[in-house]
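Have a look at the structure below before the remarks.
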Amino acid sequence: MTYNLHPIFVHFPIALLFLYSVIKILPLKTWFPKIAWRDIERALLFFGVLGAFAALATGDTAENLVHPNRQLVNAHSNFAAVATWLYGALLFGEIAAFLNVFYGTQNKKYKFISTTLVFIEKVLCNRIFSTVIAFIALVMISITGLLGGVIAYGVTADPFSSVVLKLLGITYP
């Protein structure tokens, strides 16, 4: 017997990645400068992305168990994948920044690796770029959650669901 584990796995990544985006977007670093925000961001991002990939994997199983509106499920799945990969790219930048400590730019033995890691860090950890990506990913994960709510509870559970479904061109009975 196969169980639908997807509802168990989706809520923590949404909460962690939502909180990550809020911390990234709001100027909390200037409001509370003594807090190690980068460490908090990295932890939220790491566990959130791991959970998001678990949610994606269980979502594939849930698609086969529950047979709601195919158009709605596909949109939900696509928005979830985009959000996960955007957050994954941000995590990749943070991993590159973390690895730069070990390889360093002065290490001649690993010059190519260190140069590549520095480039990845400069692009993906750029304050403006990462904030914009975090905002876009937040929008994607919010739409994913809304569509998941429509799949589970129908259009009456969320006041914005009918508006979003209409914008996406999804017909729901």
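Would you check if P68 is surrounded by 15 or more Cβ atoms within 10 Å (Cβ to Cβ) and at pLDDT 90 or above? Spelling it out, it is not the case that P68 is surrounded by 15 or more Cβ atoms within 10 Å (Cβ to Cβ) and at pLDDT 90 or above.
Can you tell me which of I133, I151 is part of a helix (DSSP H, G or I), closer than 28 Å to I8 by Cβ, modelled with pLDDT of 95 or more and not charged (D, E, K, R)? Residue meeting the stated conditions: I133. Checking A89, A83, A97 one by one, the residue that is buried (at least 19 other Cβ atoms within 10 Å of the Cβ), modelled with pLDDT of 85 or more and assigned to a helix (DSSP H, G or I) is A83 and no other.
Number of residues in the range 10-53 that are among the small types (G, A, S), in a helix (DSSP H, G or I) and surrounded by fewer than 18 Cβ atoms within 10 Å (Cβ to Cβ) equals 2. Residues in the range 114-142 that are in contact (Cβ under 8 Å) with a residue 12 or more places away in the chain, more than 11 Å from Y87 (Cα to Cα) and not hydroxyl-bearing (S, T, Y): L117, V118, I120, E121, V123, C125. Being surrounded by 13 or more Cβ atoms within 10 Å (Cβ to Cβ) and within 18 Å of L56 (Cβ to Cβ) holds for only one residue in S162, S142, S114, and it is S142.
Condition check ((1) more than 24 Å from V22 (Cα to Cα); (2) β-branched (V, I, T)) across all residues:
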| residue | (1), (2) |
| --- | --- |
| E121 | no, no |
| I128 | no, yes |
| T131 | no, yes |
| G145 | no, no |
| A152 | yes, no |
| S162 | yes, no |
| K166 | yes, no |
| T171 | yes, yes |
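The values are calculated or read from the model by the stated rules, or taken from the named source; none is laboratory data. Keep in mind that what you see is a predicted model, and the values were worked out from it rather than measured. So basically every Cβ, Gly included, is an ideal-geometry build from the backbone, and we count neighbours across all protein chains shown.
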